[in-house]
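All remarks here apply to the structure that follows.
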Amino acid sequence: MKDTIAITVYEKPTCSKCREMSKLLKDKGIDFNKVNYYTEPLDEAKITELLAKMKLPVRAILRSSEHVYKELGLARADLSDKELIALMVKHPDLMQRPIVEKGKKAVLGRPTENVHALFD
């Protein structure tokens, strides 16, 4: 029986982990939608919603290896969650990817196997 709850993968198409996630879901015969959040930017409300569904703090999805992270001094910055989310909206490279959403749950797809939690 097919799963009727829509699955959405928020991704950057050139990201190797995003491509791995697509392959894993396709290999399992799971239908899903892809959102390239570089061409379809996520707003503050959506990022906040995804964080709540993942049960993660904001800093857990920051990509600390990115140039913009270092340029903005985010390792030392004492910014609120709201300020960090606003920066992710402005600089999508700051956000870890892929993020996979299914109904009331979401997972960070690093490692790719995290997606299994959505189907348990």
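Among the residues of the range 82-101, the ones that are crowded, with 17+ Cβ neighbours inside 10 Å and out of contact with any helix residue (DSSP H, G or I) (no Cβ under 8 Å at 6 or more places or on another chain) come to 1 in all.
In the range 1-46, the residue that is surrounded by the most Cβ atoms within 10 Å (Cβ to Cβ) out of those that are closer than 12 Å to Pro98 by Cβ and of a type in the set (A, V, I, L, M) is Met21.
Contact list please: Cβ distance under 7 Å, first residue in the range 19-45 and farther than 16 Å from Glu113 by Cα and touching a residue at least 24 places away in the same chain (Cβ under 8 Å), second residue in a loop (DSSP other than H, G, I, E, B) and among the aliphatic types (A, V, I, L, M), pairs at least six apart or on different chains. Partner pairs satisfying both residue conditions: Asn33/Ala6.
Taking the options Val100, Val68, name whichever one is of a type outside the set (Lys, Arg) and within 11 Å of the chain's Cα centre (by Cα). Please lay out each step first, then the result.
Working: Val68 fails: within 11 Å of the chain's Cα centre (by Cα).
Testing whether each residue is of a type outside the set (Lys, Arg) and within 11 Å of the chain's Cα centre (by Cα) leaves just Val100.
What are the residues in the range 43-101 that are among the β-branched types (Val, Ile, Thr) and under 23 Å from Thr8 (Cβ atoms), if any?
Of the residues in the range 43-101, the ones among the β-branched types (Val, Ile, Thr) are 47-48, 58, 61, 68, 85, 89, 99-100.
Scanning the range 43-101 gives Ile47, Thr48, Val58, Ile61, Ile85, Val89, Ile99, Val100.
Just so you know, all these numbers are worked out from the coordinates, no wet-lab data involved. As the structure is a computational prediction, the values presented were derived from the model and not from experiment. Note that we place each Cβ from the backbone using ideal geometry, even for glycine, and neighbour counts take in every protein chain shown.
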